[in-house]
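Structure, as C-alpha coordinates:
The values are calculated or read from the model by the stated rules, or taken from the named source; none is laboratory data. Here the structure is a predicted model, which is why all the values come from computation and not from measurement. In this analysis, Cβ positions are derived from the backbone assuming ideal geometry, glycine residues included, and neighbour counts consider all displayed protein chains. Quick note on the areas: whole protein, heavy atoms, side chains included, nothing else; ligands and nucleic acids left out. Shrake-Rupley method; radii C 1.70, N 1.55, O 1.52, S 1.80 Å.
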Amino acid sequence: EPVRTTLMEAEAREAPQAAARLVTKATPGLRLLGERLRRLSPRYAVAAGRGSSDAAALLAKYLFEARLGLPVVSAAPSIRSIYGRQLNIEKALLLAISQSGRSPDLVEFCRSATGPDVLRVGLINDAGSPLAEIMDVFVPLEAGPERSVAATKSCIAAMTLVFGLVAHWLDDGDMISAFERSPDVLAKALAEDWSAAEAFLDRDGPIYVIGRGPGLAVAAEAALKLKETNGLHAEAVSAAEVRHGPFA
(Lines give C-alpha, C1' and ligand atoms only; values in the text may rest on other atoms or scores of the structure.)
Protein backbone atom coordinates (compact mmCIF):
# COMPACT_ATOMS: atom_id res chain seq x y z
CA GLU A 1 0.00 0.00 0.00
CA PRO A 2 1.51 3.35 -0.99
CA VAL A 3 2.38 5.75 1.82
CA ARG A 4 0.00 8.69 1.84
CA THR A 5 1.62 12.11 2.04
CA THR A 6 0.17 14.00 4.98
CA LEU A 7 -0.71 17.68 4.96
CA MET A 8 2.09 18.20 7.46
CA GLU A 9 4.71 16.63 5.21
CA ALA A 10 3.46 18.39 2.09
CA GLU A 11 3.55 21.76 3.84
CA ALA A 12 6.93 21.10 5.44
CA ARG A 13 8.29 20.47 1.95
CA GLU A 14 7.22 24.01 1.00
CA ALA A 15 9.76 25.45 3.46
CA PRO A 16 12.43 26.26 0.82
CA GLN A 17 9.87 28.22 -1.24
CA ALA A 18 8.67 30.07 1.87
CA ALA A 19 12.28 30.97 2.74
CA ALA A 20 12.87 32.18 -0.82
CA ARG A 21 9.83 34.46 -0.53
CA LEU A 22 11.22 35.83 2.75
CA VAL A 23 14.61 36.57 1.17
CA THR A 24 12.91 38.39 -1.71
CA LYS A 25 10.03 40.15 0.02
CA ALA A 26 11.16 40.68 3.62
CA THR A 27 14.68 41.94 2.98
CA PRO A 28 13.77 45.63 2.31
CA GLY A 29 11.64 45.77 5.47
CA LEU A 30 14.29 43.98 7.53
CA ARG A 31 16.91 46.47 6.36
CA LEU A 32 14.75 49.38 7.56
CA LEU A 33 13.87 47.59 10.79
CA GLY A 34 17.54 46.90 11.43
CA GLU A 35 18.31 50.62 11.08
CA ARG A 36 15.45 51.49 13.42
CA LEU A 37 16.63 49.00 16.05
CA ARG A 38 20.19 50.32 15.87
CA ARG A 39 18.83 53.83 16.52
CA LEU A 40 16.59 52.64 19.37
CA SER A 41 19.35 50.47 20.91
CA PRO A 42 16.94 48.64 23.25
CA ARG A 43 18.25 47.54 26.63
CA TYR A 44 16.43 44.19 26.50
CA ALA A 45 13.81 42.24 24.56
CA VAL A 46 10.59 40.49 25.52
CA ALA A 47 9.73 37.49 23.31
CA ALA A 48 6.22 36.07 23.07
CA GLY A 49 4.74 33.08 21.25
CA ARG A 50 2.62 29.95 21.71
CA GLY A 51 3.49 26.38 20.72
CA SER A 52 5.74 26.27 17.66
CA SER A 53 6.01 30.05 17.75
CA ASP A 54 7.43 29.77 21.27
CA ALA A 55 10.19 27.54 19.85
CA ALA A 56 10.96 30.28 17.31
CA ALA A 57 10.95 32.81 20.17
CA LEU A 58 13.51 30.64 22.00
CA LEU A 59 15.71 30.77 18.90
CA ALA A 60 15.36 34.57 18.98
CA LYS A 61 16.50 34.56 22.61
CA TYR A 62 19.69 32.66 21.78
CA LEU A 63 20.50 34.75 18.69
CA PHE A 64 19.76 38.07 20.41
CA GLU A 65 21.89 37.15 23.40
CA ALA A 66 24.75 35.42 21.55
CA ARG A 67 24.99 37.83 18.62
CA LEU A 68 23.74 41.12 20.06
CA GLY A 69 24.49 40.76 23.78
CA LEU A 70 20.84 41.70 24.37
CA PRO A 71 19.10 40.07 27.37
CA VAL A 72 15.80 38.41 26.43
CA VAL A 73 12.93 37.44 28.71
CA SER A 74 10.08 35.12 27.78
CA ALA A 75 6.66 36.72 28.03
CA ALA A 76 3.77 35.08 29.88
CA PRO A 77 0.65 36.49 28.16
CA SER A 78 -1.54 35.17 31.00
CA ILE A 79 -0.06 37.89 33.22
CA ARG A 80 -2.42 40.21 31.35
CA SER A 81 -5.33 37.91 30.42
CA ILE A 82 -5.69 36.05 33.75
CA TYR A 83 -3.98 38.24 36.34
CA GLY A 84 -4.90 41.59 34.82
CA ARG A 85 -1.43 43.04 35.21
CA GLN A 86 0.36 45.30 32.77
CA LEU A 87 4.14 44.99 32.57
CA ASN A 88 6.23 48.08 33.17
CA ILE A 89 8.61 48.07 30.21
CA GLU A 90 10.64 50.80 28.55
CA LYS A 91 13.39 51.09 25.93
CA ALA A 92 12.67 47.52 24.91
CA LEU A 93 11.86 45.39 21.89
CA LEU A 94 8.70 43.31 22.17
CA LEU A 95 8.90 40.46 19.64
CA ALA A 96 5.67 38.54 19.05
CA ILE A 97 5.66 35.47 16.80
CA SER A 98 2.43 33.85 15.61
CA GLN A 99 1.05 31.80 12.73
CA SER A 100 -2.59 32.86 13.16
CA GLY A 101 -2.17 36.16 14.97
CA ARG A 102 -5.46 35.40 16.72
CA SER A 103 -4.56 34.04 20.18
CA PRO A 104 -6.65 36.35 22.42
CA ASP A 105 -4.19 36.38 25.32
CA LEU A 106 -1.24 37.15 23.03
CA VAL A 107 -3.16 39.94 21.28
CA GLU A 108 -4.21 41.52 24.58
CA PHE A 109 -0.70 41.19 26.02
CA CYS A 110 0.84 42.97 23.03
CA ARG A 111 -1.88 45.62 22.98
CA SER A 112 -1.09 46.54 26.57
CA ALA A 113 2.71 46.26 26.28
CA THR A 114 3.45 49.92 25.71
CA GLY A 115 5.91 52.27 27.33
CA PRO A 116 8.65 54.81 26.58
CA ASP A 117 10.72 53.68 23.58
CA VAL A 118 8.99 50.30 23.33
CA LEU A 119 8.97 48.89 19.79
CA ARG A 120 6.47 46.07 19.15
CA VAL A 121 7.49 43.85 16.23
CA GLY A 122 5.27 41.04 14.99
CA LEU A 123 6.41 38.11 12.85
CA ILE A 124 2.98 36.86 11.79
CA ASN A 125 1.67 34.71 8.94
CA ASP A 126 -1.87 36.15 8.72
CA ALA A 127 -1.62 39.75 7.55
CA GLY A 128 -5.30 40.39 8.35
CA SER A 129 -5.10 39.17 11.94
CA PRO A 130 -5.82 41.28 15.05
CA LEU A 131 -2.21 40.87 16.20
CA ALA A 132 -0.80 42.19 12.91
CA GLU A 133 -3.02 45.27 13.19
CA ILE A 134 -1.82 46.37 16.63
CA MET A 135 1.96 45.89 16.24
CA ASP A 136 4.22 48.85 15.50
CA VAL A 137 6.04 46.82 12.83
CA PHE A 138 4.57 43.78 11.11
CA VAL A 139 6.74 41.40 9.05
CA PRO A 140 4.83 38.61 7.23
CA LEU A 141 6.12 35.05 7.54
CA GLU A 142 5.31 34.50 3.84
CA ALA A 143 4.50 30.84 4.59
CA GLY A 144 1.19 30.87 2.72
CA PRO A 145 -1.96 29.12 3.96
CA GLU A 146 -1.26 26.37 6.48
CA ARG A 147 -3.93 23.66 6.79
CA SER A 148 -2.04 21.10 8.87
CA VAL A 149 -3.00 21.21 12.54
CA ALA A 150 0.65 20.66 13.45
CA ALA A 151 2.26 23.83 12.06
CA THR A 152 5.54 23.22 10.26
CA LYS A 153 6.36 25.60 7.43
CA SER A 154 5.24 28.64 9.44
CA CYS A 155 7.59 27.65 12.28
CA ILE A 156 10.49 27.14 9.88
CA ALA A 157 9.65 30.47 8.26
CA ALA A 158 9.56 32.19 11.67
CA MET A 159 12.97 30.76 12.61
CA THR A 160 14.39 31.82 9.24
CA LEU A 161 12.95 35.30 9.67
CA VAL A 162 14.40 35.62 13.18
CA PHE A 163 17.82 34.84 11.69
CA GLY A 164 17.29 37.46 8.97
CA LEU A 165 16.19 40.03 11.54
CA VAL A 166 19.37 39.59 13.59
CA ALA A 167 21.51 39.67 10.43
CA HIS A 168 20.08 43.02 9.34
CA TRP A 169 20.04 44.42 12.89
CA LEU A 170 23.78 43.74 13.05
CA ASP A 171 24.20 44.75 9.40
CA ASP A 172 26.53 41.73 9.22
CA GLY A 173 27.37 40.90 5.60
CA ASP A 174 28.27 37.25 6.28
CA MET A 175 25.09 36.66 8.28
CA ILE A 176 22.94 38.39 5.63
CA SER A 177 24.50 36.12 2.99
CA ALA A 178 23.69 33.10 5.17
CA PHE A 179 20.07 34.28 5.42
CA GLU A 180 19.95 34.58 1.63
CA ARG A 181 21.23 30.99 1.32
CA SER A 182 18.55 29.60 3.63
CA PRO A 183 16.29 28.32 0.79
CA ASP A 184 19.17 26.20 -0.52
CA VAL A 185 20.01 24.91 2.97
CA LEU A 186 16.41 23.83 3.54
CA ALA A 187 16.17 22.23 0.08
CA LYS A 188 19.36 20.26 0.76
CA ALA A 189 17.99 19.06 4.10
CA LEU A 190 14.79 17.82 2.43
CA ALA A 191 16.87 15.90 -0.14
CA GLU A 192 18.76 13.96 2.55
CA ASP A 193 17.89 10.34 3.35
CA TRP A 194 16.14 10.39 6.74
CA SER A 195 14.87 6.78 6.62
CA ALA A 196 17.22 5.70 9.43
CA ALA A 197 15.05 7.68 11.85
CA GLU A 198 11.92 5.62 11.15
CA ALA A 199 12.84 2.63 13.32
CA PHE A 200 13.70 4.92 16.23
CA LEU A 201 10.42 6.80 15.97
CA ASP A 202 8.45 3.52 15.89
CA ARG A 203 9.37 2.91 19.53
CA ASP A 204 7.42 4.04 22.56
CA GLY A 205 8.27 7.15 24.53
CA PRO A 206 9.36 8.89 26.55
CA ILE A 207 11.88 10.64 24.33
CA TYR A 208 14.51 13.23 25.22
CA VAL A 209 15.19 15.61 22.35
CA ILE A 210 18.56 17.08 23.25
CA GLY A 211 20.03 20.34 22.02
CA ARG A 212 22.06 23.27 23.20
CA GLY A 213 22.07 26.95 22.28
CA PRO A 214 20.06 27.59 19.10
CA GLY A 215 19.75 23.81 18.72
CA LEU A 216 17.63 23.72 21.89
CA ALA A 217 14.99 25.79 20.07
CA VAL A 218 14.91 23.19 17.29
CA ALA A 219 14.72 20.44 19.93
CA ALA A 220 11.72 22.19 21.51
CA GLU A 221 9.89 22.20 18.18
CA ALA A 222 10.80 18.55 17.49
CA ALA A 223 9.52 17.47 20.93
CA LEU A 224 6.28 19.37 20.38
CA LYS A 225 5.77 17.69 17.00
CA LEU A 226 6.33 14.21 18.48
CA LYS A 227 3.66 14.94 21.09
CA GLU A 228 1.20 16.46 18.61
CA THR A 229 1.48 13.87 15.85
CA ASN A 230 2.65 10.59 17.45
CA GLY A 231 1.15 10.83 20.92
CA LEU A 232 4.61 10.27 22.37
CA HIS A 233 5.79 11.91 25.55
CA ALA A 234 8.77 13.94 24.37
CA GLU A 235 10.73 16.61 26.19
CA ALA A 236 13.34 19.03 24.93
CA VAL A 237 16.31 19.11 27.28
CA SER A 238 19.57 21.06 27.25
CA ALA A 239 22.60 18.83 26.74
CA ALA A 240 24.17 20.49 29.79
CA GLU A 241 21.15 19.63 31.96
CA VAL A 242 21.18 16.00 30.80
CA ARG A 243 24.86 15.71 31.65
CA HIS A 244 24.45 17.25 35.10
CA GLY A 245 20.99 15.80 35.79
CA PRO A 246 19.87 12.33 34.58
CA PHE A 247 23.40 11.20 33.56
CA ALA A 248 24.85 12.40 36.87
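Brief remarks on what is shown
- In segment 162-180, the count of residues that are touching a strand residue (DSSP E or B) at 6+ places or on another chain (Cβ under 8 Å) and either surrounded by 16 or more Cβ atoms within 10 Å (Cβ to Cβ) or without any contact (Cβ under 8 Å) to a residue 40 or more places away in the chain (or both) is one or more.
- Selection from segment 91-112 of residues that are over 16 Å from ALA55 (Cβ atoms) and out of contact with any strand residue (DSSP E or B) (no Cβ under 8 Å at 6 or more places or on another chain): ARG102, PRO104, ASP105, VAL107, GLU108, ARG111, SER112
- Restricting GLU146, GLU192 to residues that are farther than 22 Å from ALA60 by Cα and in contact with a Lys or Arg (Cβ under 8 Å, 6 or more places away or on another chain) narrows the list to GLU146.
- Any chance ALA196 is out of contact with any Gly (no Cβ under 6 Å at 6 or more places or on another chain) and surrounded by fewer than 12 Cβ atoms within 10 Å (Cβ to Cβ): yes
- LEU123 buried (at least 23 other Cβ atoms within 10 Å of the Cβ), within 20 Å of GLU35 (Cα to Cα) and not basic (Lys, Arg): yes
- Residue, modelled with the lowest pLDDT, within segment 79-92, restricted to residues that are more than 24 Å from SER41 (Cα to Cα) and either touching a helix residue (DSSP H, G or I) at 6+ places or on another chain (Cβ under 6 Å) or loosely packed, with under 13 Cβ neighbours inside 10 Å (or both): SER81
- Filter result (in contact with a helix residue (DSSP H, G or I) (Cβ under 8 Å, 6 or more places away or on another chain) and either at pLDDT 95 or above or aliphatic (A, V, I, L, M) (or both)) within segment 67-77: ARG67, LEU68, LEU70, PRO71, VAL72, ALA75
- Residues of segment 75-90 that are in contact with a strand residue (DSSP E or B) (Cβ under 6 Å, 6 or more places away or on another chain) and small (Gly, Ala, Ser): ALA75 alone.
- Once segment 129-146 is narrowed to residues that are over 19 Å from ALA12 (Cα atoms) and in contact (Cβ under 8 Å) with a residue 24 or more places away in the chain, the residue that is surrounded by the fewest Cβ atoms within 10 Å (Cβ to Cβ) is VAL137.
- Flag if ARG36 is farther than 22 Å from GLY213 by Cβ and either open to solvent by 50 Å² or more (accessible area, probe 1.4 Å) or in contact with a Lys or Arg (Cβ under 8 Å, 6 or more places away or on another chain) (or both): yes
- Residue selected from segment 11-32 under the condition under 22 Å from ASP136 (Cα atoms) and among the small types (Gly, Ala, Ser), by the criterion surrounded by the most Cβ atoms within 10 Å (Cβ to Cβ): ALA26
- Looking only at segment 39-51, residues that are surrounded by 13 or more Cβ atoms within 10 Å (Cβ to Cβ) and either out of contact with any strand residue (DSSP E or B) (no Cβ under 9 Å at 6 or more places or on another chain) or of a type in the set (Val, Ile, Thr) (or both) come to 2 in all.
- Contact map, segment 220-242: first residue surrounded by fewer than 16 Cβ atoms within 10 Å (Cβ to Cβ) and among the hydroxyl-bearing types (Ser, Thr, Tyr), second residue part of a helix (DSSP H, G or I) and modelled with pLDDT of 90 or more, Cβ cut-off under 8 Å, separation 6 or more or different chains; pairs are THR229/MET8.
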